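Structure first, then comments.
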Amino acid sequence: MNPIYRYIFPNKCIFCMEELEESTTDICNVCYNKIKVIDETYCRHCGKLRELEDDLCLDCLTRGHEFEAGRGVFVYDDRVKKALFGLKFYNQTWIARKMGRIMAEYYLEHVGWEIDYVMPVPIHYFKYITRGYNQAGVLASYFVQAYNEQMVQYQGRPVKLLKKGLKRIKWTAPQKDLNPETRYKNLENAFIVNAKIMDEVKNCNVLIIDDIYTTGATMDVCARQLKTAQVGKVFFITAAMGSGL
Ligand SMILES: [Zn+2]
Ligand SMILES: [Zn+2]
């Protein structure tokens, strides 16, 4: 690989940042053996890792959710945390390129709900202009790119990315600092569906994309807004899934 290309598109492991020998992999052997992909036993509603098949998590049993169903690719551990941190705060969008593609491959192999539109969980405008990008938006772009490449190859139906389908209109405290109950309160009236696309998405299925799913408060609030706007079914996929609850 030539040095400039290598600089622009580093072929490093997304978790430990070690240089990779092969250009076709995204994860080194060490990390591959340590990380946990959620592909066998998971809550059939929210996708949280479970011990048994067809087992609902406590959260879904007791509270339920606004979305139809959701899945996360990796269990959120220290390695995944480091990758997502780099993606979110250090402009390491190359991680999103690989992660978005991994999410699309996972989706096509293990999920496959009928979807028409993909929307990232939005960040507030002020955050957007200071950070320069929305990490969920970058993930969503690469997800859609990889997904649609497959659709073209197998004559399936491509999905459309609506990067600004959802808008964040309220500045909120970071969710990670709050307990599960106040997380919902914190997000009250935080999101709206973009008025410009309301007619277009009516009765269509939407897949929401984010970096991580923990209590589901963000997904629930976004899903509720979309349902109010009369979309069809709302699903989500995240790169990581908190292992609690
Ligand atoms: Zn690694
Ligand atoms: Zn669940």
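Just so you know, all these numbers are worked out from the coordinates, no wet-lab data involved. Quick caveat, the model's predicted, so the values are computed rather than measured. In this analysis, Cβ positions are derived from the backbone assuming ideal geometry, glycine residues included, and neighbour counts consider all displayed protein chains.
Can you sort PHE89, PHE235 so the residue with the fewest Cβ neighbours within 10 Å comes first? Fewest-to-most Cβ neighbours within 10 Å comes out as PHE89, PHE235. Each of LEU87, LEU187 was scored by other Cβ atoms within 10 Å of its Cβ. Listed from fewest to most, they are LEU187, LEU87. Kyte-Doolittle mean at least 0.0 and Cα extent at least 24 Å along the axis: which DSSP H helices of the chain qualify? TM-like helix candidates: 135-153.
Can you work out the PRE-style zone for GLU105? Point 7 Å along Cα to Cβ, and I want the residues of segment 133-170 with backbone N under 16 Å. The answer is 142-151. Cβ-to-Cβ counts within 10 Å put ASP26, ASP59 in ascending order as ASP59, ASP26, the fewest first.
For the pair LYS160 and VAL30, the difference between a 0.36 nm per residue extended length and the Cα-Cα distance amounts to 43.2 nm. Based on C-alpha pairs under 8 angstrom that are at least 6 apart in sequence, the chain has a relative contact order of 22 percent. Residue pairs exceeding 32 angstrom between C-alpha atoms, taken from LYS34/LYS167; LYS36/LYS170; LYS81/LYS127; LYS98/LYS176; LYS34/LYS88: LYS34/LYS167; LYS36/LYS170.
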